[in-house]
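The values are calculated or read from the model by the stated rules, or taken from the named source; none is laboratory data. Since this is a predicted model, take the numbers as computed values, not measurements. Ideal geometry is used to build each Cβ from the backbone, glycine not excepted, and the neighbour counts take in all protein chains shown. Quick note on the areas: whole protein, heavy atoms, side chains included, nothing else; ligands and nucleic acids left out. Shrake-Rupley method; radii C 1.70, N 1.55, O 1.52, S 1.80 Å.
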Amino acid sequence: VNYGNRFVPEDWIKYPYDFFQSITDKGGPRSALWDLFPGKASRDLMLTWLSQTIQESHFQQMQSMGVEVMRLPVGYWNFVTYENDEGPAVPADFEHFKERLKNLHRIATPEDYKPYFDKIFTFASKYGVKVLLDLHGVPGSQNGEIHSGACMRDSGGQNVDFFQMEGNTENREMALKAIRAMAKYSKDKDALWGIQVINEPHLHNDQEHQFLKSFFKDSCKAIREEGIPMDKPCVVFTWTFDMSKWIDWSNLIIFPPEIYGRVIFDTHLYHFEGSGEHWTLEDAKSSYNSDLDLMRRFFLDAGIELIVGEYTLAGNSFSGEEQKAFAQWLVNEFDFSAMGSFFWTFDCQYDSWSLVKTNAAVTWHEVWRPDRDDCIPYNHVQLRNSEQGYLSAQEDGAVKLAPLGRFWETWQTCYKKTSANLPGAVQMSFRSIAHGNFLSVSDTQKVSLAPHRQGWETFETLGFQQEMAEYEPCQVRSFHETWLS
């Protein structure tokens with residue numbers, strides 16, 4: 001889950017109260033943290049807010065709901081500050097933003113913030129919750145959005161951002177300085193899960209993509225140099241529509257682990273009803289289809305580690321059993337198409353955005369049940385008839401034989417247990433990594449793909465071994481006691 005709205009308050013989350021209620025002088029169309037001008041009043045407002053919104057009881061609740069990792073959004077100003085009267089670099093045309101951007105590091109000092117990070121790590125350690133430190137706001141802003149600490153628009157009302165701008169080195173170096181400070185602070189914390197180096201950057205061209213790639217490499221090297229173990233994740237970011245830019249099929253190792261350690265990509269998924277629409281549960285699910293396809297290609301085919309760092313149950317009118325069914329479906333899909341997911345956010349005045357408030361309908365510890373892990377590991381197999389080819393999942397839901405074993409011919413084995421009906425067999429389901437659907441055999445012996453796993457999607461396999469050689473002979477019997485032939 002995300003522990004959002006603490007170090008980077010957002011104007012729409014008025015919980016437990018409206019942080020921005022006294023703001024009258026705004027630098028953009030919405031209130032953001034840069035609208036707090038330096039002085040004792042702003043410092044007191046910020047530190048009182050942190051005292052009120054960081055509570056030990058929250059971590060008790062996380063533990064009871066089954067939270068494993070908590071993502072903690074922070075700003076660069078929480079860990080580093082500028083000297084003298086300096087601040088983030090901005091282009092000459094936007095010089096009017098420069099002074100207001102300085103407000104971010106003038107509200108309070110890194111020393112002022114440290115006791116609140118200490119509390120979080122102490123509580124997290126006590127209740128068995130790991131922490132992903134997430135650099136949510138970088139110098140100059142990576143997207144001009146309120147969650148970067150600033151709300152910046154040009155004369156046409158379009159977002160502007162100055163982090164990945166052409167020719168920029170100052171903001172980049174300050175971000176690296178913040179990342180080093182985050183690593184230095186947290187390297188000895190037993191509750192640390194990893195460090196995320198940026199959140200939701202807006203990319204305008206391929207040059208900025210190359211800038212980001214270089215920044216990611218330097219960031220991951222920096223945290224290793226500061227003592228973060230190689231096996232603790234360095235988390236970077238991509239939108240699903242940019243995933244193809246990261247895949248080079250001739251060399252899928254983007255970040256050699258011996259240099260950068262473990263590197264995991266984060267992506268965020270939000271889908272909402274349009275004006276006048278009223279989604280059914282199936283409508284809501286289908287809105288994620290394109291993203292899930294891209295994620296499966298990225299994670300399951302290219303083998304690039306991936307998490308969903310933000311999602312919500314909002315954007316529809318679901319409640320009760322329908323909301324729980326939607327939550328179960330999302331978590332299951334994210335566990336399959338990625339390595340897991342983080343709900344946005346822990347608490348909020350809007351029920352569907354709040355982990356705490358949705359728990360009554362969803363019962364999160366049941367959704368995040370331990371036995372779901374059987375589908376997460378890379379238990380990939382291909383089913384080959386030695387003479388006719390490979391069992392292949394088609395986009396139209398059909399299953400055919402294909403001459404080559406590739407992405408569409410690869411299946412993930414799920415829900416495995418010893419068969420009670422066939423001696424020596426393993427009961428399991430086969431899920432297509434290309435489409436996410438399950439292999440199914442009907443009572444009329446039709447072989448196809450099904451979106452959900454029920455009886456017809458369960459098989460008993462003779463000869464299956466967890467550790468298999470290149471190919472091992474096996475036989476597969478359907479729910480109806482007919483054999484795949």
Restricting attention to region 140-159, which residues are surrounded by fewer than 24 Cβ atoms within 10 Å (Cβ to Cβ) and within 16 Å of LYS98 (Cβ to Cβ)? GLY144, CYS151, ARG153, ASP154
Test ARG30 against the stated conditions and say whether it is in contact with a Cys (Cβ under 7 Å, 6 or more places away or on another chain), surrounded by 15 or more Cβ atoms within 10 Å (Cβ to Cβ) and either touching a residue at least 12 places away in the same chain (Cβ under 8 Å) or within 26 Å of GLY309 (Cβ to Cβ) (or both). yes
Can you report the number of residues in region 61-79 which are open to solvent by 10 Å² or more (accessible area, probe 1.4 Å) and either free of Cβ contacts under 8 Å to residues at least 60 places away in the same chain or over 30 Å from THR363 (Cα atoms) (or both)? 1
Filtering region 281-337 down to residues that are open to solvent by 10 Å² or more (accessible area, probe 1.4 Å) and of a type in the set (Ser, Thr, Tyr), which residue is nearest to GLN412 (Cα to Cα)? SER290
Test PHE97 against the criterion of being at pLDDT 95 or above and either out of contact with any helix residue (DSSP H, G or I) (no Cβ under 8 Å at 6 or more places or on another chain) or open to solvent by 60 Å² or more (accessible area, probe 1.4 Å) (or both), and give yes or no. yes
Among the residues of region 251-280 satisfying the criterion of being charged (D, E, K, R) and under 16 Å from SER317 (Cβ atoms), which is least open to solvent (accessible area, probe 1.4 Å)? GLU273
Selection count, region 446-477, where residues are more than 36 Å from the chain's Cα centre (by Cα) and assigned to a loop (DSSP other than H, G, I, E, B): 5
Among the residues of region 109-129, is there at least one that is open to solvent by 30 Å² or more (accessible area, probe 1.4 Å) and touching a strand residue (DSSP E or B) at 6+ places or on another chain (Cβ under 7 Å)? no
Condition check for GLY137: among the small types (Gly, Ala, Ser), open to solvent by less than 50 Å² (accessible area, probe 1.4 Å) and either touching a residue at least 24 places away in the same chain (Cβ under 8 Å) or out of contact with any Lys or Arg (no Cβ under 6 Å at 6 or more places or on another chain) (or both): yes
For THR312, state whether it is within 13 Å of the chain's Cα centre (by Cα), polar (S, T, N, Q), within 23 Å of GLN207 (Cα to Cα) and at pLDDT 95 or above. no
Hey, VAL80 touching a strand residue (DSSP E or B) at 6+ places or on another chain (Cβ under 6 Å) and closer than 30 Å to PRO233 by Cα or not: no
What about HIS209, is it under 30 Å from THR81 (Cα atoms), at pLDDT below 95 and not in a helix (DSSP H, G or I)? no
Among residues of region 193-219, those that are under 14 Å from ILE179 (Cβ atoms) and of a type in the set (Phe, Trp, Tyr), counted: 2
Pairs under 9 Å by beta carbon, first residue under 14 Å from ILE259 (Cα atoms) and open to solvent by 50 Å² or more (accessible area, probe 1.4 Å) in region 198-226, partner in a helix (DSSP H, G or I) and aromatic (Phe, Trp, Tyr), six or more apart or different chains? LYS217/TYR260; LYS221/TYR260
I'd like the full set of residues that are under 21 Å from ASP335 (Cα atoms) and among the β-branched types (Val, Ile, Thr), limited to region 421-457. ILE433
Pair list, Cβ < 9 Å and 6+ apart or interchain, from region 435-460 residues that are farther than 10 Å from THR482 by Cα and open to solvent by 40 Å² or more (accessible area, probe 1.4 Å) to residues that are among the polar types (S, T, N, Q) and assigned to a strand (DSSP E or B): ASN437/SER448; LYS446/SER440; VAL447/SER440; ARG453/SER429; ARG453/SER440; GLN454/SER440; TRP456/SER440
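Just checking, does region 170-183 include any residue being farther than 26 Å from ARG6 by Cα, more than 23 Å from the chain's Cα centre (by Cα), open to solvent by 10 Å² or more (accessible area, probe 1.4 Å) and not aromatic (Phe, Trp, Tyr)?
Within region 170-183 (the criterion being farther than 26 Å from ARG6 by Cα, more than 23 Å from the chain's Cα centre (by Cα), open to solvent by 10 Å² or more (accessible area, probe 1.4 Å) and not aromatic (Phe, Trp, Tyr)), the answer is yes, since at least one residue qualifies.
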Among the residues listed as THR358, THR345, the single one being within 30 Å of PRO73 (Cα to Cα), in contact (Cβ under 8 Å) with a residue 60 or more places away in the chain, of a type outside the set (Gly, Ala, Ser) and touching a Leu at 6+ places or on another chain (Cβ under 9 Å): THR345
Can you work out which of the residues in region 379-408 that are charged (D, E, K, R) and under 13 Å from LEU449 (Cβ atoms) is modelled with the highest pLDDT? LYS400
